[in-house]
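Each value in this text was obtained by applying a stated rule to the coordinates, not by laboratory testing. Only a predicted model underlies this, so the values are computations on that prediction, with no experimental measurement involved. Positions of Cβ are generated from backbone atoms using ideal geometry, with glycine treated the same way; all protein chains shown enter the neighbour counts.
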Amino acid sequence: MYDLIILGGGPAGTGATVYAARKQLKTAIITSEFGGQSTVSDTIYNWIGTPSISGMDLSLNFKKHILFYKGPFLDVIEGEKVVEVSKNDNIILVKIESGKTYETKALIIATGSDRRKLEAINADKYEHKGITYCASCDGPLYDGQDVLVIGGGNAGFETSAQLLAYCKSVTMIHRSDKFRADEITIKKLLENPKFKVIKNADILRVDGPQFINSLTYKDKITGVEHTIPTTGIFVEIGQIPNVGFVKNIVDINEFGKIIVDQMTQMTSVPGIWAAGDCTNGRYHQNNIATGDAVKALEDAYLWIQKNK
Ligand SMILES: Cc1cc2nc3c(=O)[nH]c(=O)nc-3n(C[C@H](O)[C@H](O)[C@H](O)COP(=O)(O)OP(=O)(O)OC[C@H]3O[C@@H](n4cnc5c(N)ncnc54)[C@H](O)[C@@H]3O)c2cc1C
């Protein structure tokens, strides 16, 4: 039986694992792969202490850092997906896809999330060629350009606000008539002359030679198709947290994210913590995921000592 199992090898899972190994807890990390979501990025500019690093190198660094501690206190189970977590009295059972079940006293869930992808003709072809899912990461590359933001929720408005600081214009494209964001934010942005909105739009396709240069949508009210020129499309239509395997145990909010105590990262179930993009934490970045996971680990460590 382990003291602790950590699920996920992104920045959150890696952070928790390094700290757990240094505290010599009997730990296992189980992850389908190392690195996490941002490893698809060509360059990551805001990983603290490293002015720029490719996503691939970042994931290799995570793996190297973890393997450095592999040994009597740390088992590394890579290439395996967790499919079920259950609890039997005070023992937590973690089942992986290949059928094996591991037992642990404590669990940190750091399985992140996947971005909801834009569904339109050619959208997958232009990912990282004008279509992006992260304004903080890629926004500055679009300095002085006319860009589009897809999605009229808080994330869409926050992304637009960030982009308005340096883009020539930002046009939000929203599928319905009503926004799903805070009134005060909506009002503030609508007052900005560089910000435009297109509502009731059904996005059909994106096009371009090598990089994107236009988006075509159908007006749901009139049925008329429009094509708008653009060099950048920021997609903010939500995330899909990877929490299906734990849904029946811990409390999940209406967006499918694990609800945690923001002070400790503990979930609704004692002995289970969560950190990073799979949680209801408000902001999602690599550094935040790592910080929250270390917070979870510190709390889990005290809890394990107390419940020995
Ligand atoms: C395209 C893109 C670019 C980004 N660029 C930046 C950036 O430049 N800077 C920045 O700070 N943030 C960036 N972000 C945000 C950042 O990637 C996330 O906030 C961060 O990765 C969250 O870390 P995490 O560890 O919580 O989850 P993730 O990074 O999602 O990692 C989850 C881990 O869990 C594993 N996993 C998932 N499900 C299972 C399962 N069932 N069983 C076992 N393992 C599982 C995955 O393989 C993965 O290793 C970007 C996001 C995207 C989508």
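The angle between the Cα long axis of helix 55-69 and the main principal axis of the chain comes to about 10°, on a 0 to 90 degree scale.
For Lys187, the lysines whose Cα falls under 22 Å of its own Cα, not counting residues fewer than eight places away in the same chain, are Lys168, Lys178, Lys196, Lys199. From the cross-link list Lys95/Lys308; Lys105/Lys247; Lys23/Lys95; Lys70/Lys129, which pairs have alpha carbons spaced over 27 Å apart? Over 27 Å Cα-Cα: Lys70/Lys129. Relative to the longest principal axis of the Cα atoms of the chain, the long axis of helix 11-22 lies at roughly 20 degrees. When the chain is treated as a GNM with alpha-carbon contacts under 10 Å, the residue of Ala28, Ala120, Ala16 showing the greatest mean-square fluctuation is Ala120.
Amide H contacts of Lys70: none lie under 5 Å away among residues 5 or more positions distant or on a separate chain (H built 1.01 Å from N in the peptide plane; Pro and chain starts excluded). A cut-off of 5 Å between modelled amide H atoms, ignoring neighbours fewer than 5 places along the same chain, links Ile150 with Ile173, Phe234, Val235, Glu236.
Estimated at 0.36 nm per residue, the fully extended path between Glu225 and Arg115 surpasses their Cα-Cα distance by 36.9 nm. Couplings 3J(HN,Hα) for the range 34-45, derived from phi with the Karplus relation 6.51 cos²θ - 1.76 cosθ + 1.60 (θ = phi - 60°), are 9, x, x, 4, 6, 5, 7, 6, 5, 9, 10, 9 Hz, where x marks Gly and Pro. Quick one: go through the range 87-127 and flag any residue whose amide nitrogen is under 14 Å from the point 7 Å out along the Cα-to-Cβ line of Met1. Flagged as within label range: 87-94, 102-107.
How much length, in nm to one decimal, is gained on full extension between Lys70 and Gln145, taken as 0.36 nm per residue of separation minus their Cα-Cα distance?
On the way: separation 75, 0.36 × 75 = 27.00 nm, distance 4.73 nm.
Going from the current span to full extension adds 22.3 nm.
Whole angstrom only: what separates the Cα centroid of the range 204-241 from the Cα centroid of the range 75-130? Taking the Cα centre of the range 75-130 as reference, the centre of the range 204-241 is 30 Å away. The simple spin-label model puts a point 7 Å past each Cα toward its Cβ; for Lys168 and Thr185 those points are separated by 2.7 nm. The length gained on full extension between His128 and Ser176, counted as 0.36 nm times the residue separation minus their Cα-Cα distance, comes to 14.6 nm. A straight Cα-to-Cα reach below 13 Å connects Lys295 with the aspartates and glutamates Asp261, residues fewer than 8 places away in its own chain not being considered. Charge dipole (Cα centre; +1 on Lys/Arg Cβ, -1 on Asp/Glu Cβ; no other charges) of the range 184-231 amounts to roughly 260 debye.
Summing Lys and Arg as +1 and Asp and Glu as -1 over all other residues whose Cβ lies under 12 Å from the Cβ of Met266 gives a net charge of -4. Electrostatic tally near Leu4: other residues with Cβ closer than 13 Å to its Cβ, Lys and Arg +1, Asp and Glu -1, net 0.
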